[in-house]
Amino acid sequence: MSLLDFARGPALQWAGIIFVLGMVWRTLGIFMLMRSSPLSANRDNHLFEHGVRTVWSRFVPAPVFEKKVSFQYVAGWIWHLGFLVVLLFYKVHVMFFEGLLGFGWPALPNSIVLAIAGVTLGVLLWLLGRRIFNPVLRYISTFNDYSSVIITTLPILTGLLTFTHFGIAYETLLAIHMLSIALLLVWFPFSKLFHVITLLPSRYVLGVKFWRRGVQA
Amino acid sequence: MTTRHVPLGERMQARGISRRSFMKFCATTASLLALPPALAPKIAQALEAQHRPSVIWLSFQECTGCAESFLRSNTPSVESLIFDTISLDYQHTLMAASGHAAEEAREEAMKANWGKYIVVVDGSIPTGDMGYSTTAGESNIDTLKHVAEGAAAIVCLGTCSAYGGIPLADPNPTGAVSVQDVITDKPIINVPGCPPIPAVMTSVLVQFIAFGALPELDHLNRPKVFYGQNIHDRCYRRPFYERGQFAESFDDEGAREGWCLYKLGCKGPTTYNACAVLKWNEGTSFPIEAGHGCLGCSEPNFWDKGSFYAPLATATHLDTTELAVGALAGAAVGLGAGYAGRAVQKRNKQGPFEAQPGVQPTAQPDPAEKEKS
Ligand code: SF4
């Protein structure tokens with residue numbers, strides 16, 4: 001079995017299964033945990049609306065921190081959206097999903113996706129460098145932080161190399177690209193990347209807690 | 001037989017081939033082998049001077065497509081000229097009518113040219129029940145071992161002899177193997193393809209006859225000069241691939257416009273062969289030019305690499321049913337973990353609370369005392 005056969009076959013197969021299993025397991029496990037019940041009277045009567053408002057308000061930096069964290073926000077937005085666009089709207093990726101799901105959707109022209117992938121990779125590498133070289137960030141970073149950024153960056157990097165047929169043989173590049181995706185899938189449910197599921201609910205819970213106590217978060 | 005040396009000119013005349021055609025053949029071969037044009041006359045000289053080398057051709061589990069591809073020609077083609085420079089002493093398909101005399105001729109040729117003859121093999125070798133494939137009552141594996149013993153080199157013609165090919169495809173009922181799985185002590189040149197391009201085969205033989213040397217081979221024992229680049233890198237549809245213009249079906253607008261066939265399963269990007277350059281039928285066309293994606297027939301296990309019509313970018317084993325099973329298993333584990341987590345939460349709430357190991361309770365000042373002071 002060649003490396004590409006392994007990547008297209010058992011590697012993606014098991015990675016996909018582990019990904020789905022892990023995501024469902026952790027999501028259910030977390031949502032089944034008991035929430036603490038409030039010990040005092042609510043100071044707000046529209047907790048649901050205000051919880052939802054907190055979910056959205058955190059998408060932009062709080063005015064008081066604007067200067068300090070705006071770069072982080074903008075960079076985060078760029079690479080998250082870039083990653084999604086490349087994942088879902090590159091023609092060859094649509095073919096992959098079509099092969100799996102039985103249906104596809106319109107894709108973007110290659111030139112646009114290529115540019116977006118380039119910017120996404122640049123931002124991710126910049127953020128990784130910043131994490132390494134900024135003393136404060138370095139101090140608070142753990143293995144989970146570094147590994148998650150690297151494992152997220154690898155598919156974009158290897159994808160670009162595959163697209164451009166850079167350096168080594170296409171089949172080896174494609175195999176490495178697929179293996180990097182397999183790694184991402186396996187890593188996803190058990191690392192901080194799982195925030196894809198927990199981010200919005202936890203913002204909502206936090207918002208409700210604040211508003212209940214009269215804090216307009 | 002290799003006994004009487006008839007001059008090449010005489011032989012060519014007998015077949016109605018002009019000297020001009022012969023020189024053209026030598027020049028073409030030199031260019032195919034990436035040799036400088038100045039070497040063409042040297043090739044001609046060498047071929048003319050050569051005592052026709054003995055070639056023993058063994059056919060095992062095969063469809064005769066490779067032999068057909070190599071031997072076919074209704075007019076004397078460039079490729080067919082090779083038969084004027086070799087002595088084909090045994091080919092059981094062609095010599096079937098001769099009965100056991102064919103095997104006797106083979107033995108004679110082997111004896112007369114021990115250590116110098118070339119063995120050409122098409123077809124894979126069954127290792128299961130020997131009755132799967134025999135010639136003149138002898139199993140293929142015995143024939144191969146016996147004939148290979150005195151060979152100078154073995155040329156595997158076609159994917160079946162080079163890698164096992166279609167007979168080796170899952171579930172491989174005959175236990176088929178390739179020549180290099182059986183013979184490990186002789187130089188082996190693989191010329192894979194289903195079938196291979198005749199000019200490639202011819203050039204390999206000419207190089208061996210003219211210079212007594214094997215061509216430079218890649219990691220799969222293929223001549224680098226023909227198998228060094230993949231189809232995709234030389235495909236005239238490549239600009240459409242770069243732009244992401246893919247034919248969606250074999251008869252849509254894109255297909256008519258000559259767009260890339262990647263989405264229709266083309267394996268050109270992972271297939272190393274010279275089809276896009278040498279083409280077929282006297283350089284007329286090749287599969288991609290005819291509108292069908294490359295099947296990857298010159299690669300090992302090409303039959304077992306998933307559907308011919310699935311793009312390379314798709315997973316071969318992953319499907320939604322398996323993902324659903326994974327989700328169900330995840331739900332079971334998640335429910336279990338959730339209940340276990342709740343139980344721990346309940347127990348923690350009920351107390352009695354225990355200090356965590358290593359944490360010393362700190363003495364809090366009495367508020368009454370504090371007030372007094
Ligand atoms: S048709 Fe096949 S070989 Fe040609 S560019 Fe498209 S994928 Fe590559």
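Things to note:
- In the stretch B:322-330, the condition of being over 28 Å from residue B:197 (Cα atoms), within 13 Å of chain A (Cβ to nearest Cβ) and open to solvent by 60 Å² or more (accessible area, probe 1.4 Å) is met by at least one residue.
- Conditions (1) in contact (Cβ under 8 Å) with a residue 12 or more places away in the chain; (2) within 16 Å of the ligand (Cβ to nearest atom); (3) within 20 Å of residue B:296 (Cα to Cα); number of the one not met by residue B:245: (3)
- Condition check for residue B:159: open to solvent by less than 10 Å² (accessible area, probe 1.4 Å), at pLDDT 95 or above and of a type in the set (Val, Ile, Thr): yes
- Lone qualifier among B:259, B:280 - being over 25 Å from residue A:110 (Cβ atoms) and out of contact with any Pro (no Cβ under 6 Å at 6 or more places or on another chain): B:280
- Residue list for the stretch B:248-271, filter: over 14 Å from residue B:294 (Cβ atoms) and within 12 Å of the ligand (Cβ to nearest atom): B:254, B:255, B:258, B:259
- Scanning the stretch B:305-325 for residues that are closer than 17 Å to residue A:6 by Cβ and within 16 Å of the ligand (Cβ to nearest atom) turns up B:305, B:306, B:310, B:312, B:313, B:314.
- Residue pairs meeting the criteria (Cβ under 7 Å; at least 6 apart or on separate chains; first under 16 Å from residue B:233 (Cβ atoms), in the stretch B:278-300; second surrounded by fewer than 21 Cβ atoms within 10 Å (Cβ to Cβ) and small (Gly, Ala, Ser)): B:279/B:285; B:293/B:265
- Selection count, the stretch A:43-83, where residues are closer than 30 Å to residue B:344 by Cβ and either open to solvent by 80 Å² or more (accessible area, probe 1.4 Å) or free of Cβ contacts under 8 Å to residues at least 12 places away in the same chain (or both): 1
- Of the numbered criteria (1) more than 14 Å from every other protein chain (Cβ to nearest Cβ); (2) within 16 Å of the ligand (Cβ to nearest atom); (3) aliphatic (A, V, I, L, M), the one residue B:209 fails is (2).
- Helices (runs of 4 or more DSSP H) completely within the stretch A:101-214 that count 1 or more residues being of a type in the set (D, E, K, R) and either under 28 Å from residue A:58 (Cα atoms) or at pLDDT 95 or above (or both): A:110-133, A:135-140, A:143-163, A:195-212
- From B:210, B:152, residue being surrounded by fewer than 24 Cβ atoms within 10 Å (Cβ to Cβ), in a strand (DSSP E or B) and either out of contact with any Asp or Glu (no Cβ under 9 Å at 6 or more places or on another chain) or of a type outside the set (A, V, I, L, M) (or both): B:152
The values are calculated or read from the model by the stated rules, or taken from the named source; none is laboratory data. Here the structure is a predicted model, which means the values were calculated and not measured. When we count neighbours, we look across all protein chains shown, and the Cβ atoms used for this are built from the backbone with ideal geometry, even at glycine. Ligands, DNA and RNA are excluded from the accessible area calculation, which covers all protein heavy atoms including side chains. Shrake-Rupley method; radii C 1.70, N 1.55, O 1.52, S 1.80 Å.
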